[in-house]
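Below is one structure, written out as structure tokens, with a few remarks after it.
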Amino acid sequence: MCLADGGNNITCLDIDEDKIAMLKKGESPIYEPGLTELLQKNKKHLHFTTDYPSALKDADVVFIAVGTPSGENGEANLTYVKSAAKSIGKHMTGDLVVVNRSTVPVGTGHEVEKIIQAETSYKISMISCPEFLREGCAIYDFMNPDRVVIGADAKHEKAVELLKDIYKGVNKNDAPFVVSDLRSAEMIKYASNSFLATQISYINDLAQLCQDVDVDITEVARGMKLDKRIGKHAFLSAGLGYGGSCFPKDVQALIALGKKIGSHLPLLEQVESVNESLVEIAFGKIKKLLDARDVKLENAKVAILGLSFKPNTDDIRDSQSVKLIGRLLRAGVSAINVVDPIVHWEKEVKRGSLLPKRLLDDKTSLGKITQMNGGDALEAVKLACKDADILILATEWNNFMNLQFEDLKKIMRNPCFADLRNAYSKKEVESYGFRVENMGRK
Ligand code: UGA
């Protein structure tokens, strides 16, 4: 959509017919702020199809932007990339620049090049151009990149210039192009995501220590970020940890790549294990709150705010919130009311594949979950809190930033609050008569 907005003529191909049918109608198959508007605004420059020959006819450049989920042993599963490459090779009708946008391990670009060339006598110029956009603000990130990384072998200089040209209309802040060899570009993507994940695990580790020595982690992070070498955009918000379709799988894939060639990455192994420990730490805090009110887990009625892995997206892949729900169900809680501004729990359950297996295996447990929808999010929160023993903030949607604790106290059976994203001042919420646990904030 963004490339079309920059004046390029774009044909989008997907093998998923439902997705293409929605896009043809001007509807976005995912929730991403601004995407539907951009789609409708650029109708003239956008075409949608499931047919390779018509998509590739007269194309100058083709972008591969398919998923690379975690495969066995954490390695990136390249099935979709390879299958797209084969189809491109089969159906291309002239020389082509092929840009890989999917996150792939070092060496994949060259492998893709071989797969395509095995199918055709036309020439391709293989480029790696990893994406650095965040879900929830994807359009802004695409249009205002910090850098555009372009990796290609030296012989493909012309193709690099063509790609720069394509980006001209969308690179609004004139960000630098980082031109490197193909393999280095592939590594820049993994290195960036893994470094951001490292920051998150570092601050989460520190948050536990801060709590024990009566220090507020949010103050610590603020103080750190003012150091220019650390930076105001550093990923130093302590909480329930990272989820989503990128950090967990990319950290795993880099560790797996290291293992494969005997070059271990012990730091990243710890990053992953710190992140994995957070759901259990959060569960311990919830149990502590309930114990203090003499509420047994099997009798507890729980209200959870936020299902998506982060605010402003409908994506629940590897969501820490969903993992916590799984943990609570396994502990045998009596009922869980969930509220999310965008995610539809029942639809997700029907889709099934995105939910952790252990959640799905136990149909009785799943019946304990009810999604609350009100006129607005705060109404829904009230419904969820009725007779609840604990309120849990799992994903920090803006809609949950103005909770009316005074009112909630009146309708809850036990006023307990687990602020797992450190969104509220502990003292303030306590002043309304709540017992509060958080992830290291005072
Ligand atoms: C991430 C990167 O930020 C993008 O640059 C990259 O392009 C993308 O992955 C990708 O590889 O496609 P995304 O996963 O959409 O983007 O979301 P982030 O904003 O990075 O957040 C990831 C997770 O970290 C979320 O669960 C979020 O709650 C958590 N997080 C983030 C923290 O726990 N603390 C922080 O300080 C920041």
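Derivation of every value follows stated rules applied to the coordinates shown; laboratory data play no part. Predicted, not measured: the structure shown is a model, and the values here were computed from it. Using ideal geometry, Cβ is built from the backbone for each residue, glycine included, and neighbour counts are taken over all protein chains shown.
Computed quantities for the displayed model
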{"read-out": "D_trans [Stokes-Einstein, Kirkwood Rh over alpha-carbon pairs] for the range 60-139, 25 °C, 0.890 mPa s, µm² s⁻¹", "value": "186 µm²/s"}
{"read-out": "Whole-Å semi-axes of the ellipsoid equivalent to the range 106-174 (Cα gyration tensor, √5λ, descending)", "value": "27, 14, 10"}
{"read-out": "Among Leu257, Val98, Pro33 the positive-end extreme of the charge dipole of the chain (Cβ point charges)", "value": "Pro33"}
{"read-out": "Student exercise, the range 266-352 dipole from Lys, Arg, Asp, Glu Cβ charges, in Debye to nearest 20", "value": "320 debye"}
{"read-out": "Within-10-Å neighbourhood charge of Thr103 [Cβ basis; K, R +1; D, E -1]", "value": "0"}
{"read-out": "Projected area averaged over orientations for the chain, convex hull of C-alpha atoms, nm²", "value": "22.3 nm²"}
{"read-out": "Cleavage-rule hits (trypsin sites (Lys or Arg not before Pro)) in the range 282-345: DSSP loop, at most 13 neighbouring Cβ within 10 angstrom", "value": "Lys296"}
{"read-out": "Nearest-0.05 FRET efficiency for Asp362 and Leu226, computed from C-beta distance (R0 45 Å)", "value": "0.40"}
{"read-out": "The chain - mean residue ellipticity at 222 nm from DSSP helices (-39,500 (n - 2.57) per run, n ≥ 4, rounded to 500)", "value": "-13000 deg cm²/dmol"}
{"read-out": "Cross-link pairs Lys249/Lys288; Lys123/Lys164; Lys25/Lys90 - those with Cα-Cα distance over 22 Å", "value": "Lys249/Lys288; Lys25/Lys90"}
{"read-out": "Over the range 178-285, equivalent-ellipsoid semi-axes from the Cα gyration tensor in Å", "value": "27, 18, 11"}
{"read-out": "Per DSSP, loop trypsin sites (Lys or Arg not before Pro) in the range 136-165 with at most 14 further Cβ within 10 Å", "value": "Arg147"}
{"read-out": "Prolate/oblate/rounded label for the range 30-105 (Cα gyration tensor, a/c 1.5)", "value": "oblate"}
{"read-out": "Percent antiparallel among DSSP beta bridges (both partners in the chain, rounded to 5)", "value": "10 percent"}
{"read-out": "Electrostatic dipole magnitude of the range 46-162 [Cβ: Lys, Arg +1; Asp, Glu -1; Cα centre; debye, to 20]", "value": "200 debye"}
{"read-out": "P(r) of the range 376-425 over all Cα-Cα pairs, binned every 10 Å from zero, in whole percent", "value": "26, 62, 11"}
{"read-out": "P(r) weight above 18 Å for the range 1-135, C-alpha pairs, percent", "value": "58 percent"}
{"read-out": "Rounded Å value of the spacing that divides the Cα centres of the range 25-73 and the range 212-267", "value": "31 Å"}
